[in-house]
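The values are calculated or read from the model by the stated rules, or taken from the named source; none is laboratory data. These numbers come from a predicted model, not from an experiment. Every residue, glycine as well, gets a Cβ built from its backbone with ideal geometry; the counts of neighbours run over all protein chains shown. The area values use the complete protein model at the heavy-atom level, side chains included, leaving out ligands, DNA and RNA. Shrake-Rupley method; radii C 1.70, N 1.55, O 1.52, S 1.80 Å.
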Amino acid sequence: MWAELLPVGRSASSGGYRRFAWNSADAECRSWFEEQARNRGLTYELDRNGNQWAWLGDPRGEGAVVTGSHLDSVPDGGAYDGPLGVVSSFAALDELRGRGARFTKPLAIVNFGDEEGARFGVACIGSRLTAGVLGKEAAYELRDADGVRLPDAMERAGYDPTAIGADGDRLARIGAFVELHVEQGRYLAEDQPVGVASAIWPHGRWRFDFHGEANHAGTTRIEDRRDPMLTYATTVLAARKKAKLAGALATFGKVAVEPNGTNAIASLVRGWLDSRAADEATLTDLVGEIERAAYERGERDGVRVELTRESYTPVVDFDGPLRDRLVRRLSKTGGPGGVPVLPTGAGHDAGILASAIPTAMLFVRNPSGVSHSPAEHAETADCLAGVSALADVLEDLACQ
């Protein structure tokens, strides 16, 4: 399975992945998922929001146990973020069947669409729509960098977008969702290949628009310039400094410039801020300080600054009883140090669904800690340990 997915959407120049929502690479990944489901005799289903489901047992049954993740990527992302969870889910089912497990509850494997938000700027669109966190009207207004609206992209990919929206009936039939994911950081010790998530830091995305005045780079005096690039650059440095002082994270990872000419002073610079912190108060204060720094510098530079919050996810504490159940089950087969329980600063579909159903997460060790990069990696032995851990958890939840 892993070998089949590796070439899909991979850039020959960077070695990273460009699997964006509703593009050709996404379509290949979706075809792969459907093939895996049908090869195992599972009931394949595409829901109203474009998420893919593979069911063992009655899809309309109650108390279903669901696992899975996503197959899309950030621009030039790694091979493991998302796909490891989906591949491991199919492999865990294979392992359980090999054990002769007898399922007493419906089991489903899911591929949530557009988790990374690389194309339309909002993360976890598939799960947000399902949980009602993102409404249909707001989703219809989302556009990619080329101005293509989300519903139009879905329609071009052969999917009818008219039915998208909250899917409460589906969520009501789910008793637990467990997502396996590669660790994004480096906290698991050498003798601990698998950990359990405790919580997700609150996080969000903010767009800063710096409006200046386009002019000639070679003839405009320094004192006559209204250069938005200068305000943007100062804001980036302020974000780094203030995040470090707060013990939080702030990253400007995307920028768009108009008119984007080498010999032209920009008229507009757009910068997207990703910020995360251990608690919501710290995050709110941090973004407020970055905003103030931008406005203050903008006044000096003659640049008008606008701030738009594009997405926000509050702190997520995973379901306590479910998390503790995972820890107890994995402690039976884990090492002498027990099963580590750790928070994460990364958002996930499990975090979006946590407000509606009991959710939990497993992390597979990442030796370098690098993620959202072609260098992202997990050792095969650790991946297999993750499969066995997921199989143990699913057996405990769905076979008793």
Want the number for ASP224 to ARG99: 0.36 nm per residue separation, take away the alpha-carbon distance, what's left? 37.5 nm
Taking +1 at the Cβ of each Lys and Arg and -1 at the Cβ of each Asp and Glu, which of VAL315, VAL339, GLY298 sits farthest along the dipole of the stretch 290-348 towards its positive end, judged by Cα position relative to the Cα centre? VAL339
For the chain, what does the accessible surface come to per residue with a 1.4 Å probe? Please give it in Å². 43 Å²
Calculate what fraction, in whole %, of the accessible area of the stretch 57-156 sits on carbon and sulfur atoms when a 1.4 Å probe is rolled over the protein chains. 46 percent
Once fully extended, how much extra length lies between MET1 and ARG207, figured as 0.36 nm per residue of separation less the alpha-carbon to alpha-carbon distance? 70.4 nm
Simple Cβ-charge dipole of the chain, Lys/Arg +1 and Asp/Glu -1, about Cα centre, in debye nearest 20: 340 debye
Pairing the Cα long axis of helix 83-99 with the longest principal axis of the chain, what angle in degrees results, from 0 to 90 and rounded to the nearest 10? 0 degrees
Those lysines that a straight Cα-Cα span of less than 19 Å connects to LYS241, excepting residues fewer than 8 apart in one chain: LYS254
Most fluctuating residue given options SER69, SER89, SER198, as computed from a GNM of the chain linking Cα atoms under 10 Å: SER198
With each run of n ≥ 4 DSSP H residues scored as -39500 (n - 2.57), what mean residue ellipticity at 222 nm is computed for the chain after dividing by its residue count and rounding to the nearest 500 deg cm²/dmol? -10500 deg cm²/dmol
Under a 10 Å cutoff between Cα atoms, tell me which one of ARG149, ARG170, ARG225 has the largest fluctuation in the Gaussian network model of the chain. ARG225
For the stretch 48-152, state which GluC sites (Glu not before Pro) are in a DSSP loop and have at most 15 other beta carbons lying within 10 Å of their beta carbon. GLU62, GLU141
Phi-based couplings in Hz for the stretch 373-386 (Karplus 6.51, -1.76, 1.60; Gly and Pro marked x): 7, x, 7, 4, 7, 9, 5, 4, 4, 5, 4, 5, 5, x
Using the alpha-carbon atoms, what tilt in degrees (0 to 90, nearest 10) does helix 228-246 show relative to the longest principal axis of the chain? 50 degrees
Give the separation of the Cα centroids, the stretch 175-199 to the stretch 254-299, in Å. 32 Å
Using modelled backbone amide H atoms (1.01 Å from N, in-plane), which distant-in-sequence or interchain residues come within less than 5 Å of GLY185's amide H? GLY369
Per-residue HN-Hα couplings for the stretch 131-147 [Karplus 6.51, -1.76, 1.60; θ = phi - 60°; Hz; x = Gly/Pro]: 7, x, 6, 10, x, 4, 4, 5, 5, 5, 8, 5, 10, 8, 5, 8, x
On a 0 to 90 degree scale, rounded to 10, what angle separates helix 280-301 from the longest Cα axis of the chain? 20 degrees
Amide H proximity to TYR44 below 5 Å, modelled H, separation 5+ or other chain, gives TRP55
Could you go through the stretch 35-49 in sequence order and give the Karplus-derived ³J(HN,Hα) for each residue, using 6.51 cos²θ - 1.76 cosθ + 1.60 with θ = phi - 60°, rounded to whole Hz, and x for Gly and Pro? 4, 4, 5, 5, 4, 9, x, 8, 7, 8, 8, 10, 7, 5, 9
Long-range amide H partners of ASN215, meaning residues 5 or more apart or on another chain whose placed amide H is closer than 5 Å, are ILE265
Counting only DSSP beta bridges with both partners in the chain, the antiparallel fraction in percent, to the nearest 5, comes to 70 percent
